[in-house]
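Worksheet: one structure, shown below.
Each value in this text was obtained by applying a stated rule to the coordinates, not by laboratory testing. These numbers were taken from a predicted model, which means no experiment stands behind them. Cβ placement follows ideal geometry from the backbone for every residue including glycine, while neighbour counts extend to all protein chains displayed.
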Amino acid sequence: MPLSGGFTLTSPEFSDGGAIPRRFTCDGDDVSPPLSWSAAPEGSVTLALVVDDPDARDFVHWVAYNIDASLTGSLPAGWSSSPDAAPQGVNSFGRVGHGGPCPPSGTHRYAFRLLAIDTVLDIDAGPKADAVLAAAAGHTLAEATLTGTYRRGG
């Protein structure tokens with residue numbers, strides 16, 4: 001995978017390695033968290049976002065693709081359910097869009113992976129994460145990762 005080259009992904013709601021607020025989980029409003037990025041490499045045309053839980057065999061919580069790389073560098077809270085959202089894929093809950101953290105036990109990690117891509121991905125509507133990642137292979141200029149944690153009842 002290409003190096004980040006300064007490409008970073010952050011959230012104003014949680015720090016890298018920090019706890020994801022309840023609002024963005026199945027125990028809260030279950031809305032997508034706000035995200036911001038910087039230093040997308042020159043030549044970036046679109047971005048793709050895959051959020052999964054490596055502690056639950058890479059259970060996918062959110063897939064979005066063909067996000068316009070010329071956007072302001074951020075997505076607001078709740079963007080997944082917004083009419084302004086980019087195309088989204090099917091998560092492991094079997095739904096299109098964001099499905100918040102909902103671990104069955106213990107503290108789980110959630111990896112937000114943002115890929116800077118040099119093209120518009122030509123894939124069928126409602127893809128799963130593996131289809132987006134396969135389409136992005138060979139076109140990914142950089143990847144930025146943000147990891148959050150969540151523990152139910154905590």
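Overview of values
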item: The chain: calculated mean residue ellipticity at 222 nm from DSSP helix runs of at least 4, using -39500 (n - 2.57); result: -1500 deg cm²/dmol
item: Among beta bridges that DSSP assigns inside the chain, antiparallel share in %, nearest 5; result: 95 percent
item: The range 8-151: C-alpha gyration tensor shape, a/c 1.5 cut-off, then a/b vs b/c; result: prolate
item: Selected from ALA136, ALA48, ALA64 as most flexible by GNM, with the chain as the system and alpha-carbon contacts under 10 Å; result: ALA136
item: Integer Hz, Karplus 6.51/-1.76/1.60 couplings in order for the range 26-43, x for Gly and Pro; result: 5, 8, x, 7, 6, 9, 5, x, x, 9, 9, 9, 8, 6, 4, x, 4, x
item: Amide H partners (placed H, <5 Å) of LEU35, local residues excluded; result: LEU75
item: Amide H contacts of ALA19 (H built 1.01 Å from N, under 5 Å, at least 5 apart or other chain); result: THR149
item: For HIS61, residues with placed amide H under 5 Å, excluding near neighbours; result: VAL51, ASP52, ASP53, SER92
item: Summed side-chain charge close to ARG23 - residues other than ARG23 whose Cβ falls under 12 Å, Lys, Arg +1, Asp, Glu -1; result: -3
